[in-house]
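All remarks here apply to the structure that follows.
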Amino acid sequence: MFELDGRTALVTGAGQGVGTGIAVALARQGAVVAVNDIVAERAAETVASITEAGGTAYALPFDVTDRTAVASEVRAFERRVAPFDILVNNAGNGGAEGFRPTKFRDTEPADWQRFADVNLFGVMNTTRAVLDGMCARRHGRIITIASGAGITGASFGISLYGAAKGGAIAFTRHLAMENARDGITANTLALGLMDPAASGRTASVTTEMAKGIPVGRLGRPEDIGATCVFLASREAEWITGQTWQLNGGAPTS
Ligand SMILES: NC(=O)c1ccc[n+]([C@@H]2O[C@H](COP(=O)([O-])OP(=O)(O)OC[C@H]3O[C@@H](n4cnc5c(N)ncnc54)[C@H](O)[C@@H]3O)[C@@H](O)[C@H]2O)c1
């Protein structure tokens, strides 16, 4: 079950953290994986670890917010290697270096754009680039990595991020309905707190917050990778338009 032999996947932001876990898991199940990241060296590192383990992967660095680059890189890859069957929209800037939670009343309009750019428009750019081909082949799996912040309110200053992730959740739900008869499934994973060590970051505010997670630990990239394998598989063809909260049982409303 859950074999991905013969499938080709694009995972965005897969140079570290959650994205690496997803790329590794898909490759382990037999998918050929295009490892995207805006930082080319990171993409290359993920490719190296997949190929060392016997999988097949290619680095495909580009900025998901650059629509022209996304379209041309996807087109070139599909001509050179294979068309994409699976898209995992993972690139996001919630845990990015330099992100400081800021209450909305302390933000300026100039701050708003960068959250929508990567967490919402980035998702649209990559989806647009692969969708026509998936519909023509009557098979596609689109998985978008969102956040509990897109569902549940928080008091500590993540409204801009939450708004963009909430937009991605709603977008993916409509995408699922529009393309269900063309063999496409589209689902969202709303993540809870992930272990910052997976992204090369040291203890942060999340370590303290983790004490309240019912299962008693932060999320790991392999937790998300396993769910992506399932949603990408043939066995999951009846699951679409859903938002699953992967958060160790943390409060969800
Ligand atoms: N870390 C958490 O606690 C947490 C919680 C909920 C949701 N999420 C979401 O999970 C996803 C992965 O999070 P993470 O913690 O692994 O993040 P991370 O910051 O560790 O890694 C993200 C990767 O995406 C790349 N990236 C950033 N902007 C890009 C762009 N414009 N184009 C291409 N690549 C880009 C970065 O270079 C980086 O390698 C994100 O969408 C994030 O918002 C994370």
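Any read-out appearing in this document is the output of simple, stated calculations on the displayed coordinates, not a laboratory observation. From a predicted model like this one, the values you see are computed outputs, not experimental measurements. Positions of Cβ are generated from backbone atoms using ideal geometry, with glycine treated the same way; all protein chains shown enter the neighbour counts.
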Estimated [θ] at 222 nm from DSSP helical runs (n ≥ 4, -39500 (n - 2.57)) normalised by residues in the chain, nearest 500: -12500 deg cm²/dmol
Any chance you could run the full-extension gain for Ser155 through Asp182? It's 0.36 nm times the residue separation minus the Cα-Cα distance, nm to one decimal. 5.6 nm
Across the chain, where is the longest run that never hits GluC sites (Glu not before Pro) in a DSSP loop with at most 14 other C-beta atoms within 10 Å? 98-236
The size of the Cβ-based charge dipole (Lys, Arg +1; Asp, Glu -1) of the chain about the Cα centre, to the nearest 20 debye, is 380
Folded to 0 to 90 degrees: helix 67-80 orientation relative to the chain principal axis, Cα: 30
Past the 15 angstrom mark, what percentage of all C-alpha to C-alpha distances in segment 144-215 do you count? 64
Largest-first principal axis extents, alpha carbons of segment 1-71, Å: 36, 21, 18
Give me the angle, in degrees from 0 to 90, between the Cα long axis of helix 17-28 and the longest principal axis of the Cα atoms of the chain, rounded to the nearest 10. 30
For the charge dipole of the chain, defined by +1 on Lys and Arg C-beta atoms and -1 on Asp and Glu C-beta atoms about the Cα centroid, which residue among Gly55, Ile38, Gly216 has the Cα displaced farthest towards the positive pole? Gly216
Specify the residue with the greatest mean-square fluctuation among Phe115, Phe77, Phe62, computed from a Gaussian network of the chain linking alpha-carbon atoms under 10 Å apart. Phe77
Which whole-Hz ³J(HN,Hα) couplings does segment 123-133 yield from phi under the Karplus relation 6.51 cos²θ - 1.76 cosθ + 1.60, θ = phi - 60°, glycine and proline marked x? 5, 5, 4, 5, 4, 4, 5, 9, 5, 4, x
Given Cβ point charges of +1 (Lys, Arg) and -1 (Asp, Glu) and nothing else, what value in debye, to the nearest 20, does the dipole of segment 136-253 about its Cα centre take? 140
Evaluate the Debye formula for segment 8-246 with equal point scatterers sitting on the alpha carbons, no solvent, and hand back log10 of I(q)/I(0) at q = 0.12, 0.16, 0.17 Å⁻¹, in q order, two decimals. -0.62, -1.14, -1.29
Table column - 3J(HN,Hα) (Hz), segment 186-199, Karplus curve with 6.51, -1.76, 1.60, x for Gly and Pro: 9, 9, 10, 10, 9, 7, x, 6, 9, 5, x, 4, 5, 10
Loop only per DSSP, at most 15 neighbouring Cβ atoms within 10 Å: give me the chymotrypsin sites (Phe, Trp or Tyr not before Pro) in segment 141-171, ordered by residue number. Phe156
Please list the equivalent ellipsoid semi-axes of segment 82-222, computed as the square roots of five times the alpha-carbon gyration tensor eigenvalues, in descending order and whole angstrom. 29, 18, 13
HN-Hα J couplings of segment 163-173 from phi, Karplus 6.51/-1.76/1.60, θ = phi - 60°, integer Hz, Gly and Pro as x? 5, 5, 5, x, x, 5, 5, 5, 4, 5, 5
Diagonalise the Cα gyration tensor of segment 10-136 and give the resulting equivalent ellipsoid semi-axes, square root of 5 times each eigenvalue, largest first, whole Å. 27, 18, 11
Estimated inter-spin distance, Trp244 and Val81, nm [label 7 Å along Cα→Cβ]: 2.4
